[in-house]
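Have a look at the structure below, then the notes.
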Amino acid sequence: MTQVDIVIGATDVVVHLQRAAGASVFGVPFGIAVLTAHHLESDPPRPEELTNAIGAVVDHLDDLVRIDPDVIGATTTVRGPEAEAIAAVEVGAAPTLPFALTREAAEDVFRTLATEGRADRALNPGLDPDLVDRAVAGCCVVVGVMRRLHLSVVTVAP
């Protein structure tokens, strides 16, 4: 059985695969900073910007699925402050990690944060003030991963 560990960073997203045949690493050549700068220019982001940001994530994951189709539906962990922020917004405070994040909850948080301007996101009690500018991009990554890999739940871990 394949296990997927995704680390969301500022400059890249790294996917670690663990399977019976051994481990491997797959990199997405952009992270939160690039996704924000290149796709999420408006405040709040326009629908087409959000679609393009999620699409960029999904496009790179298509390559991963071609390499290892067993990643579809695999047990998946996501790491990084932006992933933790999604869990925090879901519960309204710092979550106890590891945290089981359902796709429904991730999509709800995405809709909430993506439709709010920066000033409104800053008022969200679960969102760390340091993540206000990066939270939407983090949501795009997590939602893109969950959609492309057909995941109903991911584990958010430190």
Take the conditions polar (S, T, N, Q) and either under 16 Å from residue 40 (Cα atoms) or in contact with a helix residue (DSSP H, G or I) (Cβ under 6 Å, 6 or more places away or on another chain) (or both) and apply them to residue 115. Does it pass? yes
Please specify each residue of region 40-64 satisfying the condition of being under 19 Å from residue 25 (Cα atoms), open to solvent by 20 Å² or more (accessible area, probe 1.4 Å) and either touching a residue at least 24 places away in the same chain (Cβ under 8 Å) or in contact with a His (Cβ under 7 Å, 6 or more places away or on another chain) (or both). 58, 60, 62, 63
Report, by residue number, each residue of region 17-44 that is within 15 Å of the chain's Cα centre (by Cα) and either assigned to a strand (DSSP E or B) or β-branched (Val, Ile, Thr) (or both). 27, 28, 32, 34, 36
Specify which of the listed residues (41, 49, 116, 104) is of a type in the set (Asp, Glu) and under 24 Å from residue 5 (Cα atoms). 104
Among the numbered conditions (1) open to solvent by 70 Å² or more (accessible area, probe 1.4 Å); (2) touching a residue at least 60 places away in the same chain (Cβ under 8 Å); (3) of a type in the set (Asp, Glu); (4) not in a loop (DSSP other than H, G, I, E, B), tell me where residue 133 comes up short. (4)
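The values are calculated or read from the model by the stated rules, or taken from the named source; none is laboratory data. Since we're looking at a predicted model, the values are computed, not measured. Glycine gets a Cβ as well: all are built from the backbone with ideal geometry, and neighbour counts include every protein chain shown. For accessibility, only protein heavy atoms count, side chains too; no ligands or nucleic acids. Shrake-Rupley method; radii C 1.70, N 1.55, O 1.52, S 1.80 Å.
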